[in-house]
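The values are calculated or read from the model by the stated rules, or taken from the named source; none is laboratory data. Because the structure is predicted, anything quoted here is derived from the model rather than measured. Here Cβ is always computed from backbone atoms with ideal geometry, including for glycine, and neighbour counts include all displayed protein chains.
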Amino acid sequence: MPKKFKITDELGRLDKIVSKLDPEISRSRAKKMIEDGDVIVNDSKKKPKYETKVSDTILIKDVKPETVSIKPENMPLDIVYEDEDVIVVNKPQGMVVHPSAGHPNHTLVNALLFHSPLSSINGEYRPGIVHRIDKDTSGLLMVAKNDMAHKALSKQLKAKKNLRKYVALVHGRIKEDSGVIKAPIGRSPKDRKKQAIVADGRPAITHFEVMERFEDYTLIDCRLETGRTHQIRVHMQYIGHPIVGDPLYGPKKTIKGHGQFLHAQELGFEHPRNHKLMIFSAPIPEIFEKTLRTLRVNNSLES
């Protein structure tokens, strides 16, 4: 289906705006689409460098998805557990989970395909992927090696039977020892690459507990009751305590050079074949731990 947008406050080069309006379209692809006449502004063809204006109407024609050829790649994997049905892997910060138009290779899926056959339920681009974590988030993922396992694990996720606990360093000192954030999440009306708290969004629930307080930061653990895109990041920003180093939802003034301080530390599920409860844990990355040690020395207050 063609997509139509009316510019309200999104100003800039047309190719940049198109890729912002539709996150599935990369900047280079947007440029080619504009040149091919697949993007129309106010009923006329424009150049990629056209500067958008308020009230411009942009029509993105219905085009076939950009093909992505997924090739197995011999890349290191931190496998925490593996058997004939499932793999539990500790994903490093900075690695994309599966290929897309903007990230065609060097993803976790490329590495997994080199290591093992994966389920086919999610199609060509997301084989074996039952759930995802963001590129800038590190930590545990469960991966299905066959369709039986994939169906069983997906059913558990839908029924909210899985354990998914994260550790996060956030800005500010949280006064409460624990809390529950219930706020619906959907695509941001202002920025298509972001999620936001919106009235007609999908229900989202995050539980958090304070682990340690510092002068300007708080270390928390979070348990997901639902699994919306960017859920912890959006919810923590919503209550005024964004994740340290978050490139989308955090402040520009943050701890520099270490990326996002969000780690999927614990993962639990019922094994799809023998139905045993399995719980796994992965230590926080060394750079995360090093930062905490520095904070404890420099500006720690009471726990």
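Which one of Leu153, Leu140 is closer than 22 Å to Val96 by Cβ, out of contact with any helix residue (DSSP H, G or I) (no Cβ under 7 Å at 6 or more places or on another chain) and in a strand (DSSP E or B)?
Working: Leu153 fails: in a strand (DSSP E or B).
None of the others qualify; the one that does is Leu140.
Which condition number in (1) surrounded by fewer than 17 Cβ atoms within 10 Å (Cβ to Cβ); (2) over 19 Å from the mean Cα position of the chain (by Cα); (3) not assigned by TED's automatic domain parsing to the domain that holds Asp85 is the one that Pro184 fails?
Looking at each condition in turn, Pro184 falls short on (2).
Pick from segment 1-22 the residues that are β-branched (Val, Ile, Thr) and assigned to a loop (DSSP other than H, G, I, E, B): which of them is modelled with the highest pLDDT?
To start, the set of residues in segment 1-22 that are β-branched (Val, Ile, Thr) comprises 7-8, 17-18.
Restricting the remaining residues to those that are assigned to a loop (DSSP other than H, G, I, E, B) gives 7-8.
Working: Ile7: 84, Thr8: 78.
Among them, the one singled out is Ile7.
Determine which member of the set Ile25, Ile40, Ile34 is more than 30 Å from Ala282 (Cα to Cα), part of a loop (DSSP other than H, G, I, E, B) and either of a type in the set (A, V, I, L, M, F, W, C) or at pLDDT 90 or above (or both). If you could, list the steps in order and put the result at the bottom.
Values: Ile40 fails: part of a loop (DSSP other than H, G, I, E, B); Ile34 fails: part of a loop (DSSP other than H, G, I, E, B).
That would be Ile25, the only listed residue that is more than 30 Å from Ala282 (Cα to Cα), part of a loop (DSSP other than H, G, I, E, B) and either of a type in the set (A, V, I, L, M, F, W, C) or at pLDDT 90 or above (or both).
Got a sec? Which of Ile232, Ile279, Ile287, Ile255 is of a type outside the set (Gly, Ala, Ser), at pLDDT 95 or above and either at positive phi or surrounded by 12 or more Cβ atoms within 10 Å (Cβ to Cβ) (or both)?
Details: Ile279 fails: either at positive phi or surrounded by 12 or more Cβ atoms within 10 Å (Cβ to Cβ) (or both); Ile287 fails: at pLDDT 95 or above; Ile255 fails: at pLDDT 95 or above.
Going through Ile232, Ile279, Ile287, Ile255 in turn, the sole match is Ile232.
Specify the residue that is nearest to Asp22 (Cα to Cα); the eligible residues are those in segment 117-134 that are buried (at least 16 other Cβ atoms within 10 Å of the Cβ) and either polar (S, T, N, Q) or free of Cβ contacts under 8 Å to residues at least 12 places away in the same chain (or both).
If we filter segment 117-134 for residues that are buried (at least 16 other Cβ atoms within 10 Å of the Cβ), which is where we start, we get 118-119, 121-122, 125-134.
If we keep only those that are either polar (S, T, N, Q) or free of Cβ contacts under 8 Å to residues at least 12 places away in the same chain (or both) as well, we get 119, 122.
Values: Ser119: 28, Asn122: 21 Å.
Ranking the candidates gives Asn122 first.
If we scan segment 202-213, do we find a residue that is crowded, with 21+ Cβ neighbours inside 10 Å and assigned to a loop (DSSP other than H, G, I, E, B)?
Looking only at segment 202-213, we keep the residues that are crowded, with 21+ Cβ neighbours inside 10 Å, and these are 204, 206, 208.
Narrowing further to those that are assigned to a loop (DSSP other than H, G, I, E, B): 204.
Yes, the conditions are met somewhere in segment 202-213.
So the check is Cβ under 6 Å with 6+ separation or different chains; which pairs have a first residue in segment 78-105 that's under 22 Å from Asp147 (Cβ atoms) and a second one that's basic (Lys, Arg)?
Asp85/Lys145; Asp85/Arg273; Val97/Arg132; His98/Arg126
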